[in-house]
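A short worksheet on the structure shown next.
The values are calculated or read from the model by the stated rules, or taken from the named source; none is laboratory data. Remember, it's a predicted structure, so these values are computed and weren't measured experimentally. Using ideal geometry, Cβ is built from the backbone for each residue, glycine included, and neighbour counts are taken over all protein chains shown.
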Amino acid sequence: MNIVLIGFMATGKTIIGKALARELKMDFIDTDSLIEMNEGKSISKIFEEEGETYFRDLEKKVIRKVSRKNNAVISTGGGAVLIKENMERLRQKGIIICLKTRPEIILERVKQQKGTRPLLKKPEPLKEIKTILKIRGPYYKQADFTMDTSDFEVGRIIEKILKKVMNILRAS
Ligand code: S3P
């Protein structure tokens, strides 16, 4: 069994994923980090030099590989949900959890992590966040459940996630 985290940029998929993996003694995999490692450059650079389509292709290949794993917490990039094949593969062995955060807080977090989100390098990033969120709404709803991470209390979020995961496992 795997646990898969999906959700918009800066909703805490990496931090929550790492904490969950530690708690459950599972491996932690971050698809963006894997892509950066394989390519030897940052996601921003990949977007800049190769474009989004190329990045999505790399993402699909990495997801194909990691979705075969067992006992892993897998954090995905915010747009991984857009490709049907990605979700089908991740779901085969995975409980899918969506993290969500209020747009204003997403903006704050992205500002702090300057230059890491090529899709939000726009004159009006808040407007862009809201537009993308609207488009992706139905995709993020594919999760088994959603957890709000606007108030970022990692310990409490982990506790709530674990309760929900246990319920799903018990019912299956
Ligand atoms: C993207 C999210 C990013 C990264 C890339 C594209 C997206 O990952 O994969 O910049 O389309 O939402 P995070 O969700 O980890 O920021």
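A few remarks follow.
- If the condition is being within 19 Å of ARG117 (Cβ to Cβ) and out of contact with any Gly (no Cβ under 9 Å at 6 or more places or on another chain), then the stretch 48-71 contributes GLU48, GLU49, GLU50, GLY51, THR53, TYR54, LEU58, VAL62.
- Applying the condition of being farther than 14 Å from THR116 by Cβ and not in a helix (DSSP H, G or I) to the stretch 13-47 and asking which residue is farthest from the ligand (Cβ to nearest atom) yields LYS25.
- Residue-level check: of (1) under 15 Å from the mean Cα position of the chain (by Cα); (2) within 12 Å of the ligand (Cβ to nearest atom), ILE135 misses just (1).
- Scanning the stretch 111-132 for residues that are part of a helix (DSSP H, G or I) and surrounded by 14 or more Cβ atoms within 10 Å (Cβ to Cβ) turns up PRO118, LEU119, LEU120, PRO125, LEU126, GLU128, ILE129, LYS130, ILE132.
- Each residue in the stretch 68-90 was checked for being farther than 18 Å from GLU36 by Cα and in a loop (DSSP other than H, G, I, E, B), and 5 of them qualify.
- Checking ALA10 against (1) within 22 Å of GLN92 (Cα to Cα); (2) buried (at least 20 other Cβ atoms within 10 Å of the Cβ); (3) among the hydrophobic types (A, V, I, L, M, F, W, C); (4) within 12 Å of the ligand (Cβ to nearest atom), the condition it does not meet: (1)
- Search result, residues across the stretch 150-163 that are without any contact (Cβ under 8 Å) to a residue 24 or more places away in the chain and either basic (Lys, Arg) or not in a helix (DSSP H, G or I) (or both): ASP151, GLU153, ARG156, LYS160, LYS163
Per-residue answers, yes or no, for (1) more than 16 Å from the ligand (Cβ to nearest atom); (2) loosely packed, with under 13 Cβ neighbours inside 10 Å; (3) polar (S, T, N, Q); (4) modelled with pLDDT of 95 or more:
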site: GLY51; (1), (2), (3), (4): no, yes, no, yes
site: LYS60; (1), (2), (3), (4): no, no, no, yes
site: ARG68; (1), (2), (3), (4): yes, yes, no, yes
site: VAL73; (1), (2), (3), (4): no, no, no, yes
site: THR76; (1), (2), (3), (4): no, no, yes, yes
site: GLU88; (1), (2), (3), (4): yes, yes, no, yes
site: CYS98; (1), (2), (3), (4): no, no, no, yes
site: ARG109; (1), (2), (3), (4): no, no, no, yes
